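J.: Shown below is the structure under consideration.
FYI, it's all coordinate maths here, none of it is from the lab. The model shown is predicted, which means the values in this text are computed figures rather than measured ones. Cβ sites come from the backbone with ideal geometry, for glycine too, and all protein chains shown count toward neighbours.
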Amino acid sequence: MKNIRNFCIIAHIDHGKSTLADRLLDETATVTKREAQAQLLDSMDLERERGITIKSHAIQMEYMYKGELYILNLIDTPGHVDFSYEVSRSIAACEGALLVVDAAQSIQAQTISNLYLALENDLEIIPVLNKVDLPSANPEEVTDDIVDLLGCKAEDVIPASAKTGIGIQEILAAVIERIPAPKGNVDEPLQALIFDSVYNPFRGVETYFRVLNGSIKKNQQIKFVATGNTYGADEVGTLKLTQAPKQEIKAGDVGYLITGIKDAREVKVGDTITDAKNPTKNAIAGFEDVKPMVFAGIYPVDTEDYEELRNSMEKLQLNDASLVFEPESSAALGFGFRCGFLGMLHLEIIQERLEREFDMTVITTVPNVSYHAFTHKNPDEIILVNNPSDLPEPSSLNRVEEPFIKATIITKSDFVGPVMSLCIEKRGQIVAQTYLTTERVELNFDMPLAEIVFDFYDRLKTVSKGYASFDYSPIGMRASKLVKVDVLLNAQPVDALSALLHQDNAYDIGKRMCEKLRELIPRQQFDIPIQAAIGAKIISRETVKALRKDVTAKCYGGDISRKRKLLEKQKKGKKRMRAVGNVEIPQEAFMAVLKLN
Ligand code: GDP
Ligand code: MG
């Protein structure tokens with residue numbers, strides 16, 4: 001155990017975490033030339049294309065240092081807030097962390113939020129000043145920023161370039177010298193933390209774990225504490241670039257487990273693995289069931305594809321346990337599913353995976369957060385509102401609560417004013433304002449999560465000219481004034497366009513939604529009135545004007561095959577349209593409320 005080091009890399013997005021991981025693998029000869037491929041740990045295609053790490057992964061390296069062989073387990077963590085619970089679990093599996101800071105960008109919001117997570121878990125922090133090769137790097141200033149943040153010495157900060165290889169050996173030496181070896185007792189009952197799981201279509205779910213005490217052996221009967229399920233350990237091993245099966249993984253080490261589980265939902269990140277016959281008395285603290293934060297309807301563009309969509313969603317759920325869904329129906333869109341996501345990025349990823357991996361064309365409706373409603377009749381009973389149609393009648397409504405978050409924003413002092421105005425407009429309350437340096441400020445707000453869902457990121461980027469970083473964590477439910485805004489097309493309510501909005505925003509957003517829909521809905525042979533309403537009260541009205549006759553006249557006559565081609569083309573273009581009554585609604589219209597500016 002004394003020659004094992006377990007560590008992770010934490011960083012703000014794009015500060016070079018994945019690139020540094022690649023360099024460490026090169027340096028420890030974990031990766032052969034043939035296997036070397038940029039950003040190796042991001043194994044999903046989608047991850048590589050978007051340059052983000054969605055799921056965390058682990059890899060074991062061997063390194064000779066001062067004549068001794070060390071086992072270095074590197075646990076990669078996802079960089080996006082949607083997946084912050086996974087970050088916290090992978091951090092809990094380590095004794096140390098490399099805190100990577102871009103020498104041109106300095107400390108950003110996720111640097112700080114990830115650092116706090118690491119400090120909560122008592123990790124040894126090794127600050128790495130990355131990208132020193134960049135001409136725009138400010139090594140002295142950024143080192144000062146890091147020293148201020150951590151209270152460390154300037155000599156503790158390792159200047160590095162994951163691109164050119166500067167500092168890589170120093171980083172490996174620091175991992176060995178500064179990060180403590182794992183503690184734990186091999187003779188105690190098995191206690192292992194699940195920090196990740198990956199779905200493999202051939203082998204079922206692979207569970208990644210860190211053994212704290214005892215050991216996990218091939219063919220052992222094991223139990224997952226939170227779910228209570230018992231399994232046989234069909235295969236255990238360590239995570240090299242490919243899996244290396246072993247007879248036993250002992251306290252202090254990191255490994256994988258295959259039990260033949262086919263459904264990702266049976267394996268819960270944060271759960272404890274123990275021996276079925278001689279279970280540990282202590283589950284590892286801090287297990288949480290991940291809760292979806294954002295809900296939206298997903299409908300097939302073609303109503304006939306409903307069953308196929310169900311099949312696809314079920315398959316997706318096998319390998320993404322954080323996706324939840326249940327059937328729902330909409331008068332406008334027919335049969336579909338109400339789905340829960342960890343955040344907006346997760347929603348986009350699911351939609352994209354449905355298209356790429358399952359060839360499904362889907363329509364996503366206006367997302368909303370999950371509210372708690374209470375009626376006069378049962379003022380103590382929580383009614384979960386994940387869908388606008390779940391909101392009880394205003395007359396029977398006692399009160400509503402909505403999820404709040406603590407937002408951390410780091411920006412330049414020049415932009416404090418505009419960023420504050422934006423957050424206040426978004427119903428935020430300032431909690432703290434801290435000058436990190438004379439030029440850089442950290443702002444903390446309590447804010448409704450719903451306001452983050454609606455065009456917050458884009459607005460923040462605009463008001464700060466790109467110089468603001470943002471992170472958040474949930475802080476519980478608070479009282480809210482919620483109304484349901486309905487949209488009527490041709491005097492018919494279109495349920496799939498309804499949105500749950502705060503009372504103070506309802507009129508303004510209702511008005512802007514009508515304007516946006518007027519732009520998005522194609523003109524037809526007749527006028528299409530668009531109205532927004534709260535209950536029976538119309539709050540806004542716009543009209544999509546009818547086409548003039550001569551426009552269509554052009555289509556008559558001419559070569560029949562050319563006309564057919566044109567029709568085919570139109571059909572394709574229409575893929576993401578849904579006819580509601582006699583009005584054609586494009587996909588963008590369902591998301592219009594999100595992009596009102
Ligand atoms: P992550 O989001 O933290 O995983 O960041 P990546 O590893 O994906 O890196 C983000 C971008 O920065 C990529 O374009 C990298 O090629 C680049 N990058 C990473 N490290 C360095 C470095 O040391 N120097 C330079 N010049 N670019 C780097
Ligand atoms: Mg990455």
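J.: What's the magnitude of the charge dipole for segment 260-406 around its Cα centre, counting Lys and Arg as +1 and Asp and Glu as -1 at the beta-carbon? Answer in Debye, nearest 20.
T.: 640 debye
J.: Sticking with this one: Set the Förster distance to 25 Å, then compute FRET efficiency between PHE202 and ALA226 from the Cβ-Cβ distance, nearest 0.05.
T.: 0.40
J.: Based only on other Cβ atoms within 10 Å, what is the fewest-to-most ordering of TYR116, TYR231, TYR507?
T.: Ordered by Cβ neighbours within 10 Å, fewest first: TYR116, TYR507, TYR231.
J.: A further question follows. Can you pull out the chymotrypsin sites (Phe, Trp or Tyr not before Pro) in segment 189-229 whose DSSP state is coil and whose Cβ has at most 13 other Cβ atoms within 10 Å?
T.: Answer by residue number: PHE202.
J.: Given a Förster distance of 30 Å, report the FRET efficiency between ASN3 and GLU357 from their Cβ-Cβ distance, rounded to the nearest 0.05.
T.: The value I calculate is 0.15.
J.: In a solvent-free Debye calculation with one equal scatterer on each Cα, what is log10 I(q)/I(0) for the chain at q = 0.05, 0.07, 0.11 Å⁻¹, listed in the order of the q values?
T.: Cα-only, vacuum Debye calculation for the chain: -0.26, -0.50, -1.13.
J.: Okay, next question. Over all directions, the average projected area of the alpha-carbon convex hull for segment 191-275 comes to how many nm²?
T.: Projected over every direction and averaged, the Cα hull of segment 191-275 covers 4.6 nm².
J.: Oh, and also: For ASP508, put the label point 7 Å out on the Cα→Cβ axis and report which residues of segment 404-445 keep their amide N under 12 Å from it.
T.: 421-428
J.: On to the next question. Can you tell me what the convex hull of the Cα atoms of segment 371-480 projects to on average, as an area in nm²?
T.: If you wrap the Cα atoms of segment 371-480 in a convex hull and average its projections, you get 7.4 nm².
J.: So which aspartates and glutamates can LYS246 reach, going by Cα to Cα under 14 Å and dropping same-chain residues fewer than 8 places off?
T.: Output for LYS246: ASP234, GLU235.
J.: Hey, rough spin-label estimate for LYS465 and GLU170, points 7 angstrom out along Cα→Cβ, what's it come to in nanometres?
T.: Placing both labels 7 Å along Cα→Cβ, they lie 3.3 nm apart.
J.: Measuring from label point to label point, each 7 Å out along Cα→Cβ, what is the LYS412 to TYR65 span in nm?
T.: 3.9 nm
J.: Take GLU177 and GLU141, extend 7 Å from each Cα along the Cα→Cβ direction, and tell me the distance between the two endpoints in nm.
T.: If labels sit at GLU177 and GLU141, their model points lie 3.0 nm apart.
J.: Still on this model: Counting only helical runs of four or more DSSP H residues, what would the 222 nm mean residue ellipticity of the chain come to if each run contributes -39,500 (n - 2.57) and the total is spread over all its residues?
T.: Counting only the DSSP helices, I get -7500 deg cm²/dmol.
J.: Also, I was wondering about something else. About the Cα centre of the chain, what is the dipole size in debye to 20, counting +1 per Lys and Arg Cβ and -1 per Asp and Glu Cβ, all else neutral?
T.: In debye, rounded to 20, the chain gives about 1960.
J.: Here's another thing I want to ask about it. Return LYS545, LYS223 ranked ascending by Cβ neighbour count within 10 Å, so the fewest neighbours appear first.
T.: LYS545, LYS223
J.: Given 0.36 nm per residue, what is the gain on full extension from GLU27 to ASP302 after removing their alpha carbon distance, in nm?
T.: In short, 93.8 nm is gained.
J.: Okay, moving on. Could you give the length gained on full extension between LEU547 and GLN429, defined as 0.36 nm per residue of separation minus the Cα-Cα distance, in nm?
T.: 37.7 nm
J.: Beyond a 27 Å Cα-Cα separation, which of these cross-linked pairs lie in this structure: LYS377/LYS537; LYS426/LYS511; LYS315/LYS461; LYS223/LYS406; LYS315/LYS406?
T.: LYS315/LYS461; LYS223/LYS406; LYS315/LYS406
J.: Now for a separate question. Could you work out how far the C-alpha centroid of segment 181-214 sits from that of segment 58-126, in angstrom?
T.: Using only Cα atoms to place each centre, the spacing works out to 18 Å.
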